[in-house]
Each structure stands twice: as structure tokens, then as C-alpha cells.
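Peer 1: Would you mind keeping the following structure in view while I ask a few things?
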Ligand code: PLP
């Protein structure tokens with residue numbers, strides 16, 4: 001008899017965003033037309049930059065002419081884009097072969113698909129609070145999950161611990177939801193730990209473009225020893241506003257080998273079996289991000305989001321409320337005041353000042369008592385939300 005993947009039965013229902021939308025709908029029913037200040041969003045709000053738009057238009061025109069038309073693209077990515085991304089890493093002092101870079105449709109797809117490279121009996125270490133997809137993708141794959149708690153005492157940047165060993169180790173830096181970043185020394189500890197135990201680090205660099213503090217690595221491959229223990233998953237979603245356009249890239253070094261098998265070769269086989277490449281048009285748009293002009297223009301948008309983060313941080317500073325993130329990330333992770341749990345704080349902000357954030361409990365048990373504020377909204381609304389926060393909590 002057919003047996004479905006019974007692991008789906010082990011997934012916990014995710015009530016986080018459903019609950020939030022239900023609460024907002026109920027509030028608006030009672031207070032029709034009331035303006036809300038949405039600091040809960042994880043999506044970008046600014047449009048693609050001019051360089052990208054120009055490249056996309058140019059690529060559409062290419063598709064209209066016989067001589068420049070492109071059909072299927074190479075499954076691991078167009079050579080022009082793989083080379084462009086490898087050069088981008090080289091500018092940061094990281095040397096990659098072009099065929100160590102794989103073009104993807106975004107980090108979410110890769111975070112799920114990459115688990116094809118690991119045995120069904122693998123275990124995965126997830127530092128919590130965490131981006132929920134890490135846990136869910138591993139439950140679907142039937143993997144055992146090792147939860148490594150993080151908290152205020154370590155600034156939500158946990159160190160390796162011999163009591164928490166797993167085959168796959170997730171590191172998200174800058175982190176969603178906490179905005180915390182791993183410095184070079186801490187990452188080196190994790191790289192050494194992974195090499196010692198034969199683990200593979202899945203380094204999620206979706207927010208690397210927000211790093212502004214000097215010395216904070218943008219890539220795990222800035223760390224000695226990472227080539228034998230890490231895969232990096234990156235995305236243009238938050239870097240360049242590609243959430244709806246869809247483009248990312250994944251780096252798998254050829255030195256990453258376990259049981260005599262090369263992860264790079266396995267991924268080539270996987271992509272050629274399970275995909276038919278990313279659209280030529282989108283890859284052209286993506287390549288424009290890495291030009292000098294493209295880099296300047298995406299930074300204009302990132303600076304706008306950072307202005308929002310600054311407004312939130314200034315409000316919390318003036319209130320003396322503990323938080324992390326904000327400086328090198330689009331998220332500010334604050335401690336709920338007056339000992340409130342995160343859903344009580346959500347209701348309090350919605351009812352009293354119409355500000356919406358994301359309750360920390362939605363990102364794992366360690367998130368209880370914390371609250372995520374996002375800087376992806378408009379400056380006007382974020383400033384008003386920050387003003388209201390101060391007024392309410394002073
Ligand atoms: N990784 C993290 C930590 C994220 O927060 C997100 C999206 O919010 C993703 C990956 C997925 O990004 P993408 O839009 O490239 O699928």
C-alpha cells in the first residue's frame with residue numbers, strides 16, 4: 001500500500017503569521033479604518049534599482065530576437081552570472097572557482113533542496129530562536145533536530161558545545177529573527193568544531209548586505225578551514241529587493257568531501273536532475289546587482305531601511321530596553337518590557353498604539369519574552385511607530 005511521507009505528520013502547525021493576521025482582522029473590525037504601523041513585515045517595500053530594471057528590459061528584448069534568444073539555461077547557472085558572483089567574492093578576499101557558485105531561485109528553495117545531499121539518518125543543529133524553515137525542512141526530511149538554545153546571556157550568538165553535536169549545523173548571520181551577527185572568532189570556533197566532528201555548516205547569508213560593522217564576515221569562506229566544512233546559501237531578496245523576482249546563489253567548495261563524495265559534484269547532479277536552470281532574464285537582472293552602479297544603487301535602498309532601524313533603536317535606547325540587531329541587520333530583537341510574554345506584548349502594542357511586530361515565541365521556545373521589529377516599512381510609519389513606543393513605555 002502507498003505510504004506518504006509520514007514525517008509531514010510531525011510538523012507543528014505554524015500559527016505565527018495566521019494568528020497575527022487574525023488578531024489584526026479582529027482589531028480592524030472593531031476599529032474600522034484605524035491606521036496601523038506595520039513593523040512585522042519580512043518582505044521588502046522598495047522597488048528594484050534602475051540598473052536591474054534596465055538589465056531586465058534588455059534581457060526581455062534579447063528574448064525577442066533570434067540571434068539573442070535564450071532557451072534552457074545551464075542548470076547550475078549562467079556562466080556570466082557564476083563568474084560575476086565569484087568576482088564579487090574575490091573583491092572580499094575570498095577565492096572561489098566559478099563552478100563552486102550555483103545560481104538558484106532564492107534561499108528558501110535551496111534551504112529545502114540542499115537536504116537531498118544528506119543521509120536520511122542525519123541530525124541537524126538549529127540555534128534557537130531561528131528562521132522556522134530550518135526546523136520544518138529537516139522534519140520533512142526525517143532528520144533528528146538538535147535545538148541549541150540562545151539567549152540574552154550570549155547576545156543570541158551561541159558558541160559550539162560538545163553536548164550539542166549534529167551532522168548539519170545551521171548558522172544564520174546576520175540572523176533572522178534576532179539581527180545578531182557572528183564575528184570572526186566565533187565563526188572560527190564553529191568552523192573548527194564542524195571540521196573536528198565531520199559536520200557540515202549551512203551558512204545562511206541572506207542578510208549579509210546589511211553588515212556595516214568592520215570585521216564582521218559577510219561570508220563563512222572568510223574563515224580559514226571553512227572550505228572543508230561549509231555551504232553558503234545567499235539571496236538577492238533582501239540585498240536587492242528580489243523577493244518577488246527570485247534569485248539567489250549557493251556556494252559549495254570542491255574541498256567539501258564526506259565518505260569520499262564531493263558535495264559540489266553531487267549538487268551538479270542534483271541540479272541537472274531536478275531543475276532546468278533559472279530564467280535568462282532574471283539572471284541578467286541579477287548580474288546587474290554586482291556592477292559598480294548596481295552596488296551603489298542597492299546600497300541607497302539598504303540605507304533607507306537602516307534609517308528605519310536607527311529610529312527603532314533610538315526609541316529603545318531612550319527607554320533603556322535591551323535589544324540586539326538593528327545595526328547589521330534589518331531586524332531589531334527587543335526584550336518585552338514589564339515581564340510581558342511576546343503575545344501579550346503584541347496585543348498591548350496593537351490595542352494601545354496600533355503598532356504591529358512579531359512575537360518572539362513564533363521563532364522557537366527561546367524567543368519567548370522577545371519581540372521582532374522589522375525595518376522594511378516606510379520611514380514615515382516607522383518613525384511614528386517609534387514615537388508611539390516611547391510615549392507608551394516611558
Ligand atoms: N533565510 C532567511 C534567514 C530568511 O529570513 C529568508 C527570508 O525571509 C530566506 C532565507 C529566504 O529568502 P528567499 O527570498 O531568497 O527565498
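The values are calculated or read from the model by the stated rules, or taken from the named source; none is laboratory data. Everything numeric in this text was worked out from a predicted model, so none of it was measured. We place every Cβ from the backbone using ideal geometry, glycine too, and count neighbours over all the protein chains shown.
Peer 1: Which ones in segment 187-222 are without any contact (Cβ under 8 Å) to a residue 60 or more places away in the chain, surrounded by 23 or more Cβ atoms within 10 Å (Cβ to Cβ) and in a loop (DSSP other than H, G, I, E, B)?
Peer 2: 205, 217
Peer 1: Something else now. Take the conditions surrounded by 14 or more Cβ atoms within 10 Å (Cβ to Cβ), free of Cβ contacts under 8 Å to residues at least 60 places away in the same chain, within 15 Å of the ligand (Cβ to nearest atom) and under 30 Å from residue 349 (Cβ atoms) and apply them to residue 133. Does it pass?
Peer 2: So residue 133 fits the description; yes.
Peer 1: Identify, please: which residue in segment 228-250 is free of Cβ contacts under 8 Å to residues at least 40 places away in the same chain and closer than 20 Å to residue 104 by Cα and is, among those, nearest to the ligand (Cβ to nearest atom)?
Peer 2: So in segment 228-250, the residues free of Cβ contacts under 8 Å to residues at least 40 places away in the same chain come out as 228-230, 232, 244.
Retained after the next criterion (residues that are closer than 20 Å to residue 104 by Cα): 230, 232, 244.
Values: 230: 16, 232: 12, 244: 9 Å.
Per the stated criteria, the residue is 244.
Peer 1: Give the residue that is nearest to residue 333 (Cα to Cα), with candidates limited to residues of segment 32-46 that are in contact (Cβ under 8 Å) with a residue 40 or more places away in the chain and away from the ligand (no atom under 16 Å from the Cβ).
Peer 2: Among those residues, the one meeting the criterion is 37.
Peer 1: Look at residue 77 and say whether it is in a loop (DSSP other than H, G, I, E, B), at pLDDT 95 or above and in the same structural domain as residue 114 (by TED's automatic domain parsing).
Peer 2: Working: in a loop (DSSP other than H, G, I, E, B): yes; at pLDDT 95 or above: yes; in the same structural domain as residue 114 (by TED's automatic domain parsing): yes.
Considered against the rule, which asks whether it is in a loop (DSSP other than H, G, I, E, B), at pLDDT 95 or above and in the same structural domain as residue 114 (by TED's automatic domain parsing), residue 77 comes out as yes.
Peer 1: Any chance segment 150-161 includes a residue that's more than 23 Å from residue 222 (Cα to Cα), without any contact (Cβ under 8 Å) to a residue 60 or more places away in the chain and in contact with a strand residue (DSSP E or B) (Cβ under 7 Å, 6 or more places away or on another chain)?
Peer 2: Within segment 150-161, none of the residues are more than 23 Å from residue 222 (Cα to Cα), without any contact (Cβ under 8 Å) to a residue 60 or more places away in the chain and in contact with a strand residue (DSSP E or B) (Cβ under 7 Å, 6 or more places away or on another chain).
Peer 1: Just to be sure before I move on: is residue 179 in contact (Cβ under 8 Å) with a residue 40 or more places away in the chain, in contact with a strand residue (DSSP E or B) (Cβ under 8 Å, 6 or more places away or on another chain) and away from the ligand (no atom under 16 Å from the Cβ) in the structure I sent? Steps first, please.
Peer 2: Details: in contact (Cβ under 8 Å) with a residue 40 or more places away in the chain: yes; in contact with a strand residue (DSSP E or B) (Cβ under 8 Å, 6 or more places away or on another chain): yes; away from the ligand (no atom under 16 Å from the Cβ): no.
Criteria not met by residue 179.
Peer 1: If you don't mind, there's one more thing I want to ask. Could you tell me which numbered condition residue 86 fails, if it satisfies all but one of (1) surrounded by fewer than 19 Cβ atoms within 10 Å (Cβ to Cβ); (2) more than 16 Å from the ligand (Cβ to nearest atom)?
Peer 2: Failing condition for residue 86: (1).
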